[in-house]
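The values are calculated or read from the model by the stated rules, or taken from the named source; none is laboratory data. Please read these numbers as outputs of a predicted model, since none were measured by experiment. When we count neighbours, we look across all protein chains shown, and the Cβ atoms used for this are built from the backbone with ideal geometry, even at glycine.
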């Protein structure tokens, strides 16, 4: 009997992944003028005040966008127009791969990605899986440490990698292993042979680290696919990691041949 296949898809491009806006040439010129002219010298006080307010507003907007960009991975954001196209194309490819069901995290960007995939593949879709929500790296750090989220993510991956090799570290990883094992157990209990799971980059990376297989680390792009095969309930193997959809499905077809 052929193994069951779980295709973990990172959500399509979402709004929080867009970089903070760059100031326009007009704004830059306004800033330069405001910085080089004193009120009343070649520009009225009212005009100078207007430029200052405009500069403050643009800085405030850029600051808000920058903060949203920093915390975005753990917020709830919709897809961009490009992300919607990515999700639809991925759905078409997964339809040809014979997926029978789609599940996703509860976060909006994953739900919207899954909806596009399910529509293209004409398969059922479940979206009430909070255990597939993104894992904030800060939840893995020891009490009392304070590091930037991006650095926490790198440190967390390093400790998980060492953990899989039997090296004890300062992080409490037993709960993480149990949570990810529950995800796989829930998939094992489903009736379909081939399931697409729309989740998030850090969760997929940690899952790939903990499942036996040939892991070659690479950037987890939007709509990239990580394939995990279930040889038997509770026995899983990582087949490919963070591959573009067409490449992942081609590798999968070769593995099944």
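Among the residues making up region 206-230, those that are at pLDDT 95 or above and more than 23 Å from residue 17 (Cα to Cα) are 227, 228, 229, 230. Test residue 171 against the stated conditions and say whether it is modelled with pLDDT under 65, in contact with a helix residue (DSSP H, G or I) (Cβ under 7 Å, 6 or more places away or on another chain) and assigned by TED's automatic domain parsing to the domain that holds residue 216. Yes; evaluated as a whole, the condition is true for this residue.
Taking region 117-138 as the range and being more than 22 Å from residue 202 (Cβ to Cβ) and in a helix (DSSP H, G or I) as the test, the residues that pass are 118, 119, 120, 121. Put simply, of 101, 138 the only residue that is at negative phi, modelled with pLDDT of 95 or more and surrounded by 15 or more Cβ atoms within 10 Å (Cβ to Cβ) is 101.
In this structure, residue 209 does satisfy being more than 29 Å from residue 85 (Cβ to Cβ) and touching a residue at least 24 places away in the same chain (Cβ under 8 Å).
On the stretch given as region 182-234, residues that are more than 15 Å from residue 104 (Cα to Cα), out of contact with any helix residue (DSSP H, G or I) (no Cβ under 6 Å at 6 or more places or on another chain) and in a loop (DSSP other than H, G, I, E, B) total 13.
The rows are residues; the columns are (1) under 19 Å from the mean Cα position of the chain (by Cα); (2) assigned by TED's automatic domain parsing to the domain that holds residue 235; (3) surrounded by fewer than 19 Cβ atoms within 10 Å (Cβ to Cβ); (4) at pLDDT 90 or above.
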{"site": "148", "(1), (2), (3), (4)": "yes, yes, yes, no"}
{"site": "176", "(1), (2), (3), (4)": "yes, yes, no, no"}
{"site": "192", "(1), (2), (3), (4)": "no, yes, yes, yes"}
{"site": "196", "(1), (2), (3), (4)": "yes, yes, no, yes"}
